[in-house]
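Reviewing the structure listed below.
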Amino acid sequence: MKPSCSDNQDLWRTDSFEDSVAAALITCFETRIKKNKGAGPNTLNLERMNLIRGIGPYVPSKDRFIIAPSSTNAGDWEFDINNDPLPTVGCVGFTKTVQVPSDEYGGFFQTAYVRQANTLPKTWHRRSGGQLYEIIIAASENHFVEGDRSFFCVTKEGKVVACEQRFDVAGRYKTSQYLTTPEKELKGREAMASIALQFIADSRYCWTIEARESNCLARLGSMPEQIKSLLYARSIPLTATGRKRPILHLVAAHQRRLKNGIDIDITGFLRGIQTVEIEGTCFTVKPARVLLPELSANSKTKYAMSGE
């Protein structure tokens, strides 16, 4: 499964990518959580939203591929256990209409935060063995963010299996009956969990541009062409939108630079972790984690301090 653009198209040049970046920031840092009277213990709350805000959404770059069961999303969702280590924690952002199968939430953007877990709360039950995870979903509507937390397992064969909830129902003759999570809902959770884990695991091969302003943090998967545009962005004036959200200035600068055929030598810049400041927003360029052994001692220290 992949975003709906051709293999050789630069996703940064599409309007949808700029929309994705804006949506990531709005979802995580500028939208209130939906008020829900009588909300259950699994509903998205401020504590869970702060976990997403603390790590910041990772928006994958270009045409990063993941494994889906079929074009119709039927079948088992999996994780490539043979080639990728299981992530411990991570957060990824998706454009709802392009990369994520239909589920119980609407809206234009979703973030999925996953972390390994050791135990399940009361009413939750495993449907398989394997590594247990908690997943927190935050979905954007126009005026609020809503979502929930659930749990899933990744088996030793790599199959992603959602955990279910069971509630006792007292029968007329005091026989024990259960209400369980509907199959369609379980499949939707497995799809989201698999997609999130795969993009998070794949991110170790990608350079990232981390944008941080005050308490706002987002990480954009990038390639050398986008890093050239970061340096170019420093040299051009900001629009009103760019002043409000400098990260969008970066995306616009990339589109403008390529349109005008401007090239920039970044050989000296790509020697480790580098930071560029634009209108108070710090953009930090980080090499792919698989390149960590090749970095200087100073850059390795910066990487360790960044918490990745």
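A few notes on this one:
- Looking across GLY221, GLY188, one residue alone is modelled with pLDDT under 85 and either assigned to a strand (DSSP E or B) or within 29 Å of CYS153 (Cβ to Cβ) (or both). It is GLY221.
- Of all the residues in segment 36-60, those that are without any contact (Cβ under 8 Å) to a residue 60 or more places away in the chain and farther than 18 Å from GLN116 by Cα number 6.
- Counting only residues that are farther than 12 Å from ALA138 by Cβ and among the hydrophobic types (A, V, I, L, M, F, W, C), segment 35-54 holds 1 of them.
- Counting the residues of segment 125-154 that are of a type in the set (Gly, Ala, Ser) and assigned to a strand (DSSP E or B) gives 5.
- Verdict on PRO101 being at pLDDT 90 or above and outside any helix (DSSP H, G or I): no
- The residue list SER16, SER4, SER61 contains one member that is modelled with pLDDT under 60, under 26 Å from GLU190 (Cα atoms) and in contact with a strand residue (DSSP E or B) (Cβ under 7 Å, 6 or more places away or on another chain), which is SER16.
- Any hit, segment 169-177, residues being modelled with pLDDT of 90 or more and either within 27 Å of LEU46 (Cβ to Cβ) or not assigned by TED's automatic domain parsing to the domain that holds ILE278 (or both): no
- All told, GLY75 meets the bar of being assigned to a loop (DSSP other than H, G, I, E, B) and either at pLDDT 70 or above or surrounded by 16 or more Cβ atoms within 10 Å (Cβ to Cβ) (or both).
- Every residue from segment 251-278 that is at pLDDT below 70 and surrounded by 12 or more Cβ atoms within 10 Å (Cβ to Cβ): ILE264, ILE266, PHE269, LEU270, ARG271, GLY272, ILE273
- Considering the conditions (1) touching a helix residue (DSSP H, G or I) at 6+ places or on another chain (Cβ under 8 Å); (2) modelled with pLDDT of 90 or more, PHE108 is excluded by exactly one of them, (2).
The values are calculated or read from the model by the stated rules, or taken from the named source; none is laboratory data. In this text, all values refer to a predicted model and were calculated from it rather than measured experimentally. When we count neighbours, we look across all protein chains shown, and the Cβ atoms used for this are built from the backbone with ideal geometry, even at glycine.
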